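S.K.: Okay, handing you the structure first.
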Amino acid sequence: MLFEQIFPVWNKLTAQEKETLRNTAFKRTAAKGRLMHNGASDCVGLILVCSGQLRAFISSDEGREITLYRLFAHDMCLFSASCMMRSIQFDVALEAEKDAELWIIPADIYKTVMEGSAAVANYTNELMASRFSEVMWLIEQIMWKSFDKRLAAFLLEESAVDGSEALKITHDRIAAHMGTAREVVTRMLRYFQSEGMVALTRGSVELIDRKRLNMLAK
């Protein structure tokens, strides 16, 4: 897919800005599981997703992870260019959840274009606000929602993303997404199974009673 087909405000750029981005952006592929960006010390540039799926997450000192948000086709990640945003005081990592094809825009180039283009600056501010809204929503869920409700909502979201009732996902992976211990996930999934809402097999969770999961997630 051509860069100009997915860059969000391409039609609002000047001819010179288009030429600058065309000449400096480069394509990369990332296999499932690859760590694309690892905190503030790593500045790979802005990542624009052609295809595939990435997840942005943070880790505790003990190694526990929690997913902040996901990136799908045509989404852009600003935090992978952390050197461009000195005010960001937390380390966001980026991992390929599925095989992905990406465009990388060097941070210094994007910053130069943004400083000269009101359209790019406005888009960047809107994207930043959207990402922080997602993070604030996540904090609210953790603070005010019980774990059973959060887990039900997570399973339904995963089903929507994968387009399947049978989720190929381990308890460890769910724990990494939700910022908790595997044992906590296992106990709750076993409870869901005893209630007939899911069926568990090694490395997978199958949604059996979507209606009850929906009611629980509310």
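The values are calculated or read from the model by the stated rules, or taken from the named source; none is laboratory data. Not measured: the values here are computed from a predicted model. FYI the Cβ positions are ideal-geometry reconstructions off the backbone, even for glycines, and counts take in every protein chain you see.
S.K.: Can you tell me which of Glu115, Glu95, Glu126 is surrounded by 15 or more Cβ atoms within 10 Å (Cβ to Cβ) and of a type in the set (Asp, Glu)?
M.R.: The match here is Glu95.
S.K.: Identify, please: which residue in segment 21-69 is more than 15 Å from the chain's Cα centre (by Cα) and charged (D, E, K, R) and is, among those, modelled with the lowest pLDDT?
M.R.: Among them, the one singled out is Asp42.
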